[in-house]
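The values are calculated or read from the model by the stated rules, or taken from the named source; none is laboratory data. Fair warning: this is a prediction, and the values are worked out from it, not measured in the lab. Ideal geometry is used to build each Cβ from the backbone, glycine not excepted, and the neighbour counts take in all protein chains shown. Accessible surface areas use protein heavy atoms only, side chains included; no ligands, DNA or RNA. Shrake-Rupley method; radii C 1.70, N 1.55, O 1.52, S 1.80 Å.
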Number of protein chains: 8
Amino acid sequence: MTLHVYLSGEIHTDWREQITTGAQDLGVIFTGPVTDHGASDDCGVAILGAEDNKFWHDRKGALINAIRTRKGIEEADVVVVRFGTEYKQWNAAFDAGYAAALGKSLIILHGREHDHPLKEVDAAANAVARTPQEVVQILRYVIDGTLPG
Amino acid sequence: MTLHVYLSGEIHTDWREQITTGAQDLGVIFTGPVTDHGASDDCGVAILGAEDNKFWHDRKGALINAIRTRKGIEEADVVVVRFGTEYKQWNAAFDAGYAAALGKSLIILHGREHDHPLKEVDAAANAVARTPQEVVQILRYVIDGTLPG
Amino acid sequence: MTLHVYLSGEIHTDWREQITTGAQDLGVIFTGPVTDHGASDDCGVAILGAEDNKFWHDRKGALINAIRTRKGIEEADVVVVRFGTEYKQWNAAFDAGYAAALGKSLIILHGREHDHPLKEVDAAANAVARTPQEVVQILRYVIDGTLPG
Amino acid sequence: MTLHVYLSGEIHTDWREQITTGAQDLGVIFTGPVTDHGASDDCGVAILGAEDNKFWHDRKGALINAIRTRKGIEEADVVVVRFGTEYKQWNAAFDAGYAAALGKSLIILHGREHDHPLKEVDAAANAVARTPQEVVQILRYVIDGTLPG
Amino acid sequence: MTLHVYLSGEIHTDWREQITTGAQDLGVIFTGPVTDHGASDDCGVAILGAEDNKFWHDRKGALINAIRTRKGIEEADVVVVRFGTEYKQWNAAFDAGYAAALGKSLIILHGREHDHPLKEVDAAANAVARTPQEVVQILRYVIDGTLPG
Amino acid sequence: MTLHVYLSGEIHTDWREQITTGAQDLGVIFTGPVTDHGASDDCGVAILGAEDNKFWHDRKGALINAIRTRKGIEEADVVVVRFGTEYKQWNAAFDAGYAAALGKSLIILHGREHDHPLKEVDAAANAVARTPQEVVQILRYVIDGTLPG
Amino acid sequence: MTLHVYLSGEIHTDWREQITTGAQDLGVIFTGPVTDHGASDDCGVAILGAEDNKFWHDRKGALINAIRTRKGIEEADVVVVRFGTEYKQWNAAFDAGYAAALGKSLIILHGREHDHPLKEVDAAANAVARTPQEVVQILRYVIDGTLPG
Amino acid sequence: MTLHVYLSGEIHTDWREQITTGAQDLGVIFTGPVTDHGASDDCGVAILGAEDNKFWHDRKGALINAIRTRKGIEEADVVVVRFGTEYKQWNAAFDAGYAAALGKSLIILHGREHDHPLKEVDAAANAVARTPQEVVQILRYVIDGTLPG
């Protein structure tokens, strides 16, 4: 069983690397957004030309990033969405809703301080994990039935 | 043409009333979540019994609220999502993603200060409105072709 | 908001009547299977002719009953599945799985003694209720936001 | 023609091994649930932390198992569901309903003593087999047209 | 429960009238093809202009008739397909396959002499009826649970 | 049978009125785009504020018009697309492709001089009509089986 | 571009071999039903046990054959349906309707004497071919743009 | 991440070669229509026999070309549609609408002089590019996050 996993959300810590490293023997195919914050913000104008208005500057970039996000989520069996401690992170919640509507399995990764504001997102998920290691353990169990310890 | 419109998001100001009042001659069928914050938080335990653990207290409520949200969004032609100035509002962004994946027309309603963090959500939308009146004007134009002024 | 609710499962107690009576002011459209056990078992041969082999006797009936079940579940917003204390009730669990795959909201109604064997079914549900009254309270809350008491 | 077959249901006898061994020359890709009963029951708390309440202990495990089940059934061409002589086996019937709603080909494997309570499930199936050998013979015929004997 | 029933197939006997008359108290909404053989054959050229080539004469008519057939089948809960004793009736079998792929409930109506050549069509059906009266009895039972006699 | 018909394409002649007038006894529900050229071009900036850049001026309007177009086409049984003698009319062809992908019945209305460049569009259609009267005749025949003359 | 082609219909002449041989350099993946008439008729009882009633004998076989047919058609890009000069061939027309409803490209292969009774089937097709060689030429053109001669 | 890209539209300049050459290190799988204008126009009659009427001559060809177009668009992650300076190009706009309805990511490639007539098409797109090089840059960024310069 080859699992396709999309890693959505926070891009300022190394949680993706922790998961892909921890799961490297499982044959999982991982995808995710472009995690270079500057490139992600500016890709639209860098390729298609500058905009005077920041609103359209952002729009051009977001639409190009959406090509990658859509492809990644639609091909995923599992979508992991990480909520960090900073920023609004509405794109992470948007991805979670998008994935839920497509019937994807969801794992939400966040600290307990966000339990209440994330309750609707968590309620659509198969698991709420607290650490990247827990995500790896879930993937390992799903793939080969092995539990930690 | 009878338009079904789901009003998602912020529940602490009267934006829903402004829209439904402003559009009252248009024959729109409006739906939305339960907007009594306390009832929305506690519906699960109030009906199905208390939980010691707040996490499951929240889960029981969120799953019951999801019955109404799913029905409302799936039957909607247009989903309006309002982001206010307070709270995390991840459920609003989740609804937007859910609606986008179902191919619903989206109108996002928010102030300019949220333009950048909402750029991915806005990029999936048919319109970004700044006031409830603009939402009413869009509905009016879509239904009968009349523009303001 | 007019809710369509399919009442699946156990046919030997009056739980359906308790729900439809309790919810009679809510404008819900209730559907369900034919609950006359004898008619349900024999409809195939009664209409299409006797079978020597009980297996095909059952098949003819089950296929006719499936016309009603499919129509009811596919048009439902919410599917309530009741597990009683007797019989195998595999058709109830089948309906639950069918409804889950179609993305219907599910309410499972059963006693605590069945919590463990029903854990996979419950995990696909929006609520696990213990009494018909709780089902009515959920429907009432979903429709008009009113909580009991 | 490479057939994907999901083997759902009873986990206490060696019926899966009989099928996979008997079909080993056919190039079938078999999947199925985790069949270690203890691991399957406890995976949720083993990975995500203990629960005081057995109901939520079960829920956490069932939701993680559902990741594997959903992936397996959605990618399957044929879902084989085995009903044994013990336990409630509602998860097996749930899987059958889920697969039926997705339009999967179904083979139900059970003894004659369950013909009547399984009549609705059998009526949704392409075949009702009595032994793992019959399942192998069906797969062989579907793949290369060869009949037994 | 309002059932939508499409009556497909043979157009040279009064079987449709027998069904609609027999079911007139059931509130069923019946649809079906244009049953005027000449109009059905010639509608394309009568409206859109003559064709020298009979092949395109037929094509123009068949494509216009398909508008009605598609609408009728897609809105139907149940598709009844009648095979008579004459003609090739490939359009009837085509309708049955079309309806089956859309997940519609099927009732096939034909004499025993066609059991063998119709076995694949019958296998996709919920019932094989021999007379219009049996079709009426099935509809009556599905709608209100009443059996004949 | 109530037919829903979306009238797409050219907005500078009275072809829509000819069809709706000619079909006024048929109970058809007609929808279509806003046909006030100026309003259609400027709706975005009129409601949501001016843009310096004509490209985004157009974008804001096109996205609002898309709410109406999507609703109309998705609810239609038949989409009629009119190609006139002037302008690029790419939005008409876009609507035709959109409708074709959704499996809608298509009627394309255009003069013979456009037969060759419209061959791919026509090949996806149920009928190629030359006059609004032919469209009315098709709708009449589809609804009640009556042919002209 | 790897094309998947399902070859449905008549099993008494060598048309399938003519196509697969003629197209052997094109990398097409061909599938089709079991073409051993006796095996196809008797597979159900040969594997699952004899039936006294020929109707159920046929049913058991048809349901097993449907596993292969469904898999083949659902994975196909193109479904070729051959109508020969003998037999009722309702299963061929059923396959054509099934494929049409799934949006598959259809090529119908038959002699001119069947043009009129096949007009509804042909109208759903991308091509009506008269010989297996024409089918090969279509596949060749679709894959690499080469025309005969 | 392997991206499937369909290149639709104008066939008289070398824009496809510029894109496939520029992207040759990205592992993209490109497809597109037959670009030999004469073959594309005449494929129907060349294979299936001449037609007296040019309308049906075109129809036969367009239906065969549609097999390739449908396959290409349905398997694509991204559909690039090029509008050139000549011809009606309604098939290009039709492809864009077809792709949009299937939820494909769209890149529209055209000069500024067509901004206004293409505004509805552009509004459904993820990017409006002016040169083949910009298309390559978008694909490169989507696949590996690299921006030009």
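The charge dipole of chain E, taken about the Cα centre with unit charges on the Cβ atoms of Lys, Arg (+1) and Asp, Glu (-1), comes to about 240 debye, rounded to the nearest 20.
Please give the contour-minus-distance gain from F:Leu102 to F:Gln18: 0.36 nm per residue of separation, less the Cα-Cα distance, rounded to one decimal in nm.
Values: separation 84, 0.36 × 84 = 30.24 nm, distance 2.67 nm.
Result: 27.6 nm gained on full extension.
Over the protein assembly as shown, DSSP H runs of length four or greater, each weighted -39,500 (n - 2.57), average out per residue to a 222 nm ellipticity of -15000 deg cm²/dmol.
Kindly report the accessible area of the range F:20-122 per residue (heavy atoms of protein chains, probe 1.4 Å, no ligands, DNA or RNA), in Å².
Details: 3670 Å² over 103 residues.
Per residue, the range F:20-122 has an accessible area of 36 Å².
Per-residue SASA remark: D:Thr20, around 50 Å² accessible (1.4 Å probe; ligands, DNA and RNA not included).
Distances between placed amide hydrogens fall under 5 Å for H:Gly84 paired with H:Glu10, all partners being 5 or more residues away or on another chain. Could you tell me the relative contact order of chain F? Use alpha-carbon pairs under 8 Å, at least six residues apart, and round to a whole percent. Result for chain F is 27 percent. In chain B, the beta carbon lying closest to the axis that superposes B onto D belongs to the residue given here with its whole-angstrom distance, B:Trp56, 3.
Mind running the shape call on chain G? Use the C-alpha gyration tensor, a ≥ b ≥ c as the square roots of the eigenvalues: rounded below 1.5 for a/c, prolate if a/b tops b/c, oblate otherwise. It is prolate, given that a/c is not under 1.5 and a/b is the larger ratio. For the protein assembly as shown, a simple Cβ point-charge model (Lys and Arg +1, Asp and Glu -1, everything else neutral) yields a dipole of about 0 debye relative to the Cα centre.
Projecting label points 7 angstrom from Cα along Cα→Cβ for G:Asn53 and A:Ile29 puts them 4.8 nm apart. Overall, the range G:65-149 carries a charge dipole of about 160 debye about its Cα centre when +1 sits on the Cβ of Lys and Arg and -1 on the Cβ of Asp and Glu, all other atoms neutral. Expressed to the nearest 5 percent, the antiparallel share of DSSP beta bridges inside the range D:69-149 is 0 percent. Residues of the range E:60-80 that bury at least 50 Å² of accessible area when the other protein chains are present, relative to the chain alone (probe 1.4 Å, heavy atoms, ligands and nucleic acids excluded): E:Ala62, E:Leu63, E:Ile64, E:Ile67, E:Arg68, E:Arg70, E:Lys71. Shape of the protein assembly as shown from the C-alpha gyration tensor: rounded (a/c under 1.5, with a ≥ b ≥ c the square roots of its eigenvalues).
Given the options A:Pro33, A:Pro132, A:Pro117, state which has the largest fluctuation in a GNM of chain A using a 10 Å cut-off (strictly under) for Cα springs. Among A:Pro33, A:Pro132, A:Pro117, the largest GNM mean-square fluctuation belongs to A:Pro117.
Could you run the numbers on buried accessible area between C and D, total for both chains, 1.4 angstrom probe, in Å² to the nearest 100?
Working: alone 8760 and 8760 Å², together 14440 Å².
Buried surface at the C/D interface: approximately 3100 Å².
Taking a 30 Å limit on the Cα-Cα distance, which of the listed pairs E:Lys54/G:Lys54; G:Lys60/H:Lys71; E:Lys60/E:Lys119; F:Lys71/H:Lys88; D:Lys60/F:Lys71 fall beyond it? Checking Cα-Cα distances, E:Lys54/G:Lys54; G:Lys60/H:Lys71; E:Lys60/E:Lys119; D:Lys60/F:Lys71 exceed 30 Å. Sites listed here are GluC sites (Glu not before Pro) in the range G:68-149 whose DSSP assignment is loop and whose Cβ has at most 10 other Cβ atoms within 10 Å: G:Glu86. Overall form of the range F:52-100: oblate. Here a/c, set by the Cα gyration tensor axes a ≥ b ≥ c, is 1.5 or more, and a/b is not larger than b/c. The range A:101-149 and the range D:84-149 have Cα centres spaced 33 Å apart. Along the Cα-to-Cβ line of A:Met1, 7 Å from the Cα, sits a label point; which residues in the range A:111-149 have backbone N less than 19 Å from it? Output list for this probe position: A:125-129, A:134-149. Among D:Ala62, D:Ala127, D:Ala76, the largest mean-square fluctuation in a Gaussian network model of chain D (Cα springs under 10 Å) belongs to D:Ala62. Each residue of the range A:104-119 is assigned a 3J(HN,Hα), and the resulting list reads 6, 6, 10, 10, 9, 10, 6, x, 5, 5, 9, 4, 5, x, 9, 5 Hz, derived from the Karplus form 6.51 cos²θ - 1.76 cosθ + 1.60 (θ = phi - 60°), x at Gly and Pro. Using a 1.4 angstrom probe on heavy atoms only, work out the carbon and sulfur share of the accessible area of the range H:38-149 in %. Percent of accessible area from carbon and sulfur atoms in the range H:38-149: 46.
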